[in-house]
Structure formats: structure tokens, C-alpha cells
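Working notes, structure below.
The values are calculated or read from the model by the stated rules, or taken from the named source; none is laboratory data. Quick caveat: nothing in here was measured; it's all calculated off a predicted structure. Positions of Cβ are generated from backbone atoms using ideal geometry, with glycine treated the same way; all protein chains shown enter the neighbour counts.
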Amino acid sequence: MEFREYLQKLQAAGQLVAVDREVQLNFELASILDTMLQQNRPVGLFKNVAHPSGIPIVGGLLGNVERIALALDTEPAGISRKLEQALANLIDPVVVDNPPWQQHVFMGEEINLEEQLPIPWHNERDAGPYVTAGIMISKDPVTGRQNYSYNRLQLKGPRKFGIMMNAWRHIAWFYQEMEKRDEPLPVAVAIGVDPAVEIAAGFRIEEDEAKLAGAINGQPLPVSRCTTVDLFAPAGAEIIIEGFVPPHQRETEGPLAEFTGHFGEVYQNPVFEVTALSYRHNPIFRTIVPGSFEHIYLGNVLSREIMLQNMTRHASPNVRAVHLTPYSGGFMAVIAIDKKNEGEPKNIALAALMTHVNIKVAVVVDTDVDIYQPSDILWAIATRVDAQRDIFTVPYAQGMENDPTTGPDGTHTKFAIDATLALNLRDDYKRVRYPRVDLDKILPGLKR
């Protein structure tokens, strides 16, 4: 579905609210969006942002499992299965002409990003305004394969960004190849796209992520040729920014709030020189609050949950559900199992810790625990764990470099918790349950 179709879907589900009061672009907007996410409030569409462009801003679209499930036409428990099926059945995009984002095109000196786009400065400790929800489009100069990714963009002038390129990303490999040739790397950024594109861009596959977006939707993703670079961008996008990353040029970039819950470093990174700005009539700007649950879901959770599911199911066929928790920055895995053997949780926990370098904590629970509810997980730990028997550590394991506990040698201690009930206690310690009721029907005037 297109970006605006998803907004309509959220509105129909009571998950979108229009905000008409004036909101400051710098700092206030991000604070409101993050508070709405933390309190599980509806998505905010801010129609009166203090910026000369007059362009509305929306954020939090994929900030919890319910909204992600809505975007995928499934239930929260079916998210990983839906994405795994899509990965196995990629669909080539289809090229279309005259996309809506070509309704307004600016090139060269006509472009002034500082005035034409409401790019938020999210946190006072960030280095400045950042595009955080832009889908970076690049192309392998050797094979010609396109790639979608998230690369934060620090606004540095009317036609210039600083761009973060982690060394392990495909776009960094493409850029390195172009630097060998002393040539600039053509890039484009799509803002306000189909949620399937946003989800697909968080994956790292050896194919064009446009194929994954199509597979998620069950039909080819429409794409259109860019104006000044030889790339194809999602035809349904709100805004497209085009340009080049010149070789052998670096400037300071950062810091920015990170998914770990801390601020990142100042880096020497490439720059992105803008050659074209295009957008549809009355565009909507999309942002992701850096360090928020939405940032973590798209960057750390969705793609790695599939890896987690596969690894733990290799350890045991009794794994029923897995979740990488956003409130841990994606560092904690929770696995629900139908336990058959007392040693099974430890095997599964070890498999979870091996899934990805970022996974630092593994908690294994019974199927009567809701793995999406922190209170349920804490209840299981508090009532079902014998610390001496059920907690174990893995010292000197490789850690993620931005984790404060990772030492100079790149290692830290991972740990696991078996929070399952002993098999011989199941009959004596049945969990208390009350049927859930629809309060809106029973008590329609009740305030939330």
C-alpha cells in the first residue's frame, strides 16, 4: 500500500490523530512524538509545524508491533512468519512513468533544503537537523543491483548533507569502489514511502530490497526513474532527494541519539551533494525519532527476529515465539517455548546468544507469558527463576561496539535466564487468568 493509504488505515483503526496546534520543529516535535510512542498513543500527524515550508510531519508509524502488524495485514505473532515468507518469494519491481513526486521538481540553485523541507533537530545534543526516515537508494557499480538502506543525513547547508556510512553496509562497499575510480556515487533518498519499503530497507539482503518490499505486499513495487541520477525510486514516495557522494571527501558528522539509548560519536564521514529535490502536491514529511522504539524496530528488531527464530528452532522444535525487545535496544531476546526437558531452555538460550553479536541477554519463558509485555517477562523472572540454577553467563563473548560494557578487546559477558516453570510444578502453580473484555462496549464513557 502507498504511504497515504497506510495513514488512512491507521486513521480507520483509531491510530492516527491530527495535531493542529503549532509545534516547534526543533526539539519540541521529537519530544512529543517520543512521548506518544512511550505512552502508546496514536500516531501524530502535525499539520502546523513552525517552518516556512508549511509541510506537515508524521512520525511513529511503525513504532509498535500492533502498527507493524497492521502494515503487514497480520497479527503481532505472525510478523516474523510473514517476513520470512516474503524473503523466500521476492518480486521484481515494475517501472512506471510520471510518479506523483515529480509534480514539483527543483534543481541546482533552485534547491534550498533548509527552507523547502521541515527537517527536525530532534535532540539538543544532536549535531543538528537530521533526515532519519529517508530510504537511501544506491547501486552496486559492478553488478548494477540497487540497494535500499537507512543512512542518517545531517543537514549541512542548502544543498548538502553529511552521510553516515557504516563500513559493513552495502552502500559503503559501493562508495569504496567508486573512490577507487575517483568517481562520485549517485544516490537518492525517498521520504514518505509504502511501509513495506520502510520495513524492507531495514533488512540486509544480497538482492534489491525493492524486491522484498514487493514480496511483502504480494505485488511488484512501482518504481520510477530519478531526474538527475541513474536510479529508480519508489513511485509512491512523498519526497525524493537526488545527488552524488563525491570521492575522497570527509567532514565531521554526528553525534546523534543512538538505538542503544546513548549518544553516538563524532565521525569523519562522506558528504552528499544534492542535485534535485522533487515532491508531490502538498507532501507529508516523515521522520523517525532517533533512539526511539520505531528506530529500534526498523533497524534492529524486524530483520533479526527472523534470524533468532531460525537459530532457536534449530536448537529445539518446541520454540513457539521469539521477540527482540525494543526497550532493550534490541539487545535482549525473549523466547517462548513449550518445554519438554529441563535442560532445553539453556540450549535455546545459547542459540539465541549466537544469533547476532548485538544479542546480549536471552530470556526463555513458558507459553503462558506474553513476550510483548515487559511486565509479564519480569513476573516470570521474579516468580520462576532460581538465580543459582537458572542464570548463566558467557564471559569474553564478542560484543557490539556501541555497548558501554564492551571492552577495548571487543568482548563482554553475555547472560541467559531460564524463566520457565519446573515441569514437576506445572500442576501446582497454574497461572491466574481472567478473560479479557471489551471495555469500550461495556463502559463506553470510560476514560483511558
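Flag set for Asp403, criterion: in the same structural domain as Ser328 (by TED's automatic domain parsing), at negative phi, at pLDDT below 95 and of a type in the set (Asp, Glu). Out of all the residues in the stretch 275-287, is one or more surrounded by fewer than 20 Cβ atoms within 10 Å (Cβ to Cβ) and in contact with a Lys or Arg (Cβ under 7 Å, 6 or more places away or on another chain)? No: the stretch 275-287 contains no residue that is surrounded by fewer than 20 Cβ atoms within 10 Å (Cβ to Cβ) and in contact with a Lys or Arg (Cβ under 7 Å, 6 or more places away or on another chain). Confirm whether Tyr267 is of a type in the set (Ser, Thr, Tyr) and out of contact with any helix residue (DSSP H, G or I) (no Cβ under 9 Å at 6 or more places or on another chain). When the stated conditions are applied, Tyr267 passes them.
Consider the stretch 154-182 and keep the residues that are outside any helix (DSSP H, G or I) and of a type in the set (Phe, Trp, Tyr). The one that is nearest to Leu277 (Cα to Cα) is Phe161.
Looking at the stretch 193-233 only, could you name the residues that are part of a loop (DSSP other than H, G, I, E, B) and out of contact with any Ser or Thr (no Cβ under 8 Å at 6 or more places or on another chain)?
Step one: filter the stretch 193-233 for residues part of a loop (DSSP other than H, G, I, E, B), giving 193-194, 202-208, 218-221, 226-231.
The answer is Val193, Asp194, Ile205, Glu206, Glu207, Asp208, Gly218, Gln219, Pro220, Leu221, Cys226, Asp230.
Only one entry in Ile306, Ile296 is within 29 Å of Glu206 (Cβ to Cβ), among the aliphatic types (A, V, I, L, M), in contact with a Leu (Cβ under 7 Å, 6 or more places away or on another chain) and outside the structural domain of Val197 (by TED's automatic domain parsing), namely Ile306. Within the stretch 189-232, being touching a helix residue (DSSP H, G or I) at 6+ places or on another chain (Cβ under 6 Å) and more than 26 Å from Ile119 (Cβ to Cβ) holds for Leu212, Ala215, Ile216, Asn217, Pro220. Of all residues in the stretch 268-286, those that are touching a residue at least 60 places away in the same chain (Cβ under 8 Å) and over 14 Å from Glu2 (Cβ atoms) have Cβ atoms under 7 Å from Cβ atoms of residues that are of a type in the set (Asp, Glu) and outside any strand (DSSP E or B), 6 or more apart or on another chain, in Tyr279/Glu238.
If only residues of the stretch 417-448 that are of a type outside the set (Lys, Arg) and not in a loop (DSSP other than H, G, I, E, B) are counted, the one that is farthest from Ile391 (Cα to Cα) is Ile442.
With Leu7, Leu33 as the choices, which residue is within 22 Å of Thr325 (Cα to Cα), out of contact with any His (no Cβ under 8 Å at 6 or more places or on another chain) and either free of Cβ contacts under 8 Å to residues at least 24 places away in the same chain or not polar (S, T, N, Q) (or both)? Walk me through how you get there before you give the answer.
On the way: Leu7 fails: within 22 Å of Thr325 (Cα to Cα).
None of the others qualify; the one that does is Leu33.
Within the stretch 124-153, restricting attention to residues that are part of a strand (DSSP E or B) and under 12 Å from the mean Cα position of the chain (by Cα), which residue is farthest from Leu61 (Cα to Cα)? Quick ask: steps written out before the conclusion?
Here is the first cut: in the stretch 124-153, the residues part of a strand (DSSP E or B) are 130-131, 135-139, 146-150, 153.
Restricting the remaining residues to those that are under 12 Å from the mean Cα position of the chain (by Cα) gives 135, 149-150.
Working: Ile135: 15, Ser149: 18, Tyr150: 16 Å.
For the stretch 124-153, the residue satisfying everything is Ser149.
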